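The values are calculated or read from the model by the stated rules, or taken from the named source; none is laboratory data. What you are looking at is a predicted structure, and each value in this text was computed from that prediction instead of being measured. A quick note on method: Cβ atoms are made from the backbone with ideal geometry, for glycine too, and the neighbour counts reach across all protein chains shown. To get the accessible areas, we keep the full protein, side chains included, count just its heavy atoms, and leave off ligands, DNA and RNA. Shrake-Rupley method; radii C 1.70, N 1.55, O 1.52, S 1.80 Å.
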Amino acid sequence: MTLSQPKITFKSALESKPEIEKKIMQLFAMSEQLASERKEINEKFTNLTEDFLAEDRPTTTIEFNSLLEKFSDVNIPVEPTNFESYLDYLANNVIAHSVHTGSPKFIGHMTSALPYFVQPLAKLMMAMNQNVVKIETSKALSPYERQALAMIHRLIYNFSDRFYAQHIQNSQSTLGILVSGGTAANITALWCARNTSLGPKDDFPGIESEGLVAALNYYGYKEAVVIGSDLMHYSFDKAADLLGIGARGLIKVKSNSNNRIDIPALQQTVADCQAQNKHIIAIVGVAGTTDSGGVDSLTEIAAIAREANVHFHVDAAWGGALIFSQQYQHKLAGIEQADSVTIDGHKQLYLPMNLGMLFLRNPHIAKVIEKNATYTIRKGSFDLGKRALEGSRSGMALFLHAGLNLIGIKGYEFLIDEGIHKTQYLANRIRELPEFELLAEPEINLLIYRYIPENLRARAAQKQLTEIDNQRINQFNEILQKKQRQAGRTFISRTTKTNLERTIPIVALRAVIANPLTTEKDIDEVLNDQIQIALEIANSTSLESADHVA
Ligand SMILES: *Cc1c(COP(=O)(O)O)cnc(C)c1O
């Protein structure tokens, strides 16, 4: 193998070996003299960050295809690049075209503004570079992480002081697992459920050593399934694949027009599985569906799971934070009966990306996924990596612990309540404006609606839209959403709803109102922007003219 001759992307004169050594060692060294040299770079960095955060437009208008061209060179520079010129490159090519997820008019996704304390903590976390996979690389951070997780565990399950004293720092117990996101949390939950329900018995060593086929054979089942609603997050498709039950093993029960799982249909599905000798690994309830914020009736699902003696998992990646709100926590009633609960810190806890959590009712259940290694992660150790899908992991607990302390229960309650109230404002505006149709009453802070072209409004108002009308409205809304995204002034996302009791799937505009900086005025501006763009589309005579928008 020979090194390819790369183009020199950044300025660089040929440097000798000692020069390179000097340069590289300077990257790692922390001398005072270097600190003053770095001052300029740090300032530049601070300015870039502040300018980015100050911009209130969601995006630039650059075409995605021209962005792709910027990132098509596959050559690694042979010599070290000067950091300042690299920062310039970043500023012009990456930062300039990044999405301002913190913009108050970016109200279409689950990613929004972060509290300011995240930035200094991020710097600290990166500087400390702890690895919580094992105690030897994270002495204080591991128990600190366990404490933060236990705090939320208590909010969900509210067990006794004695329970928490016994388990919070006991290496045999796992109250929660910090993971990279809701996906990893959901996979871990089903992994625990699978290994528990098909575990060792009598002379059978269990699924962990024998695998799925042998376990089903031993227990006398034909196949294994996971049951949830058709609004389950697609991370369950990944989980089903990884756990060996396949796509057909993930049974999606229909949801009703309230975006909740249809309870009689769930009961029927459970009965059918039992009659057909299918092993149910888990029943999943969703608290805050990703597409429209529906919250399943967790109490009813809990009862069904208990009756069937099946693991009950709640995916509260989005909606879990409602637990902080006196006014809205009743929507989560039944969550305390869940065997496991997923909550994303990077969603409604306003913490940075890559902070997912899984909470476990039984502190010993995670033992069924425990793995050890002789060089580290030893049996009986405190190492967090032994009961986790992921290995090396950063000190994300810093943000969680800080958020819980610096925002507190009252702070989170305020944030949750505000989001829901502003969503009500948006719902009211949509009801008032003839241009729009509300597609479902918002359950929390997600809202789905659509634009109705003028010539169809009368029929829409009388609920007399034909299938062809709906197709035209679908097409119109799809173009509207793409044009709005491309214009870059405001942002709303888009989904397709199949449970609205209409003859065809309906394209819906999807608002997510979580950014504390979003005001009612911002919401009005987003709607006005859509009305403006819709008029332009209508005036451009043919819908096809918008087709080139990717
Ligand atoms: C976001 C979300 C997930 C996936 O979480 P990631 O953090 O993106 O992996 C799963 N379920 C629900 C309900 C979600 O909202």
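Descriptive notes on the structure:
- Extending 7 Å from Cα along the Cβ direction at residue 501 and again at residue 217 yields two label points whose distance is 5.0 nm.
- Placing a pseudo-label 7 Å from each Cα along the Cα-to-Cβ vector at residue 66 and residue 27 gives an inter-label distance of 3.2 nm.
- Between residue 248 and residue 82, residue separation times 0.36 nm minus the direct Cα-Cα distance comes to 54.4 nm.
- Isotropic mean projected area of the C-alpha convex hull, region 9-127 (nm²): 9.7 nm²
- Shown for region 128-173: the carbon plus sulfur share of the solvent-accessible area, taken with all protein chains present and a 1.4 angstrom probe, equals 52%.
- Length, then width, then depth: along the principal axes, the Cα atoms of region 42-84 run 38, 32, 7 Å.
- Qualifying aspartates and glutamates (Cα of each under 15 Å from Cα of residue 252; at least 8 residues distant if same chain): 230, 237, 241, 262, 272, 296, 315
- Prolate/oblate/rounded call for region 293-427, Cα gyration tensor, a/c under 1.5 rounded: oblate
- Taking 0.36 nm per residue of separation and subtracting the Cα-Cα distance, full extension of the segment from residue 472 to residue 42 would add 149.5 nm.
- Pairwise Cα inverse-distance average, inverted: Kirkwood Rh of the chain (Å): 26.2 Å
- Length-normalised contact order for the chain - Cα pairs under 8 Å, 6+ apart - percent: 17 percent
- Using a probe radius of 1.4 angstrom, the carbon and sulfur fraction of the accessible surface of region 314-401 is 54%.
- Working ranking of peptides 295-301, 442-448, 522-528 by packing, defined as the average number of other Cβ atoms within 10 Å per residue, highest first, is 442-448, 295-301, 522-528.
- Of all accessible heavy-atom area on region 430-500, the percent that carbon and sulfur account for (1.4 Å): 45 percent
- All Cα-Cα separations within region 92-227 were binned at 5 Å from zero, giving a P(r) of 2, 7, 10, 12, 14, 14, 14, 11, 7, 5, 3, 1, 0, each value a whole percent of the pairs.
- Highest to lowest packing among 31-39, 74-82, 512-520, 532-540, scored as the average C-beta count within 10 Å: 512-520, 532-540, 74-82, 31-39
- Compactness of region 447-550 as Cα Rg over 2.2 N^0.38 Å, two decimals: 1.09
- For the chain, size of Cβ-based charge dipole, Lys and Arg +1, Asp and Glu -1, in debye: 980 debye
- Whole-Hz ³J(HN,Hα) from phi, Karplus 6.51 cos²θ - 1.76 cosθ + 1.60, for region 52-68, glycine and proline x: 4, 6, 7, 6, 9, 6, x, 8, 7, 9, 4, 6, 4, 4, 6, 5, 4
- Stretchable slack from residue 34 to residue 330, in nm (0.36 nm times residue separation minus alpha-carbon distance): 101.0 nm
- Sequence-distant contacts, meaning Cα pairs under 8 Å at least 6 residues apart, place the relative contact order of region 398-550 at 24 percent.
- Per residue accessible area in Å² of the chain, where ligands, DNA and RNA are left out and the probe is 1.4 Å: 49 Å²
- Considering only region 220-327, percent of DSSP beta bridges that pair antiparallel, nearest 5: 10 percent
- Kirkwood-based shape ratio for region 363-488, expressed as Rg/Rh from alpha carbons: 1.25
- Across all directions, the average projected area of the convex hull around the alpha carbons of region 387-448 is 7.1 nm².
- Region 43-76 and region 275-326: distance between their alpha carbon centers, rounded to Å: 40 Å
- Set of aspartates and glutamates with alpha-carbon distance to residue 278 below 15 Å, sequence-local pairs under 8 removed: 223
- For region 202-274, the equivalent ellipsoid built from the Cα gyration tensor has semi-axes of 28, 15, 8 Å, listed from largest to smallest.
- Charge sum, other residues only, whose C-beta stays under 12 Å from residue 252's C-beta, Lys/Arg counted +1 and Asp/Glu -1: -1
- Nearest-0.05 FRET efficiency for residue 140 and residue 309, computed from C-beta distance (R0 45 Å): 0.65
- For region 386-508: lysine pairs under 24 Å (alpha-carbon distance), excluding those fewer than 8 apart on one chain: 5
- Cut-off 17 Å, label 7 Å out along Cα→Cβ of residue 124, residues of region 404-428 by amide N: 404-408
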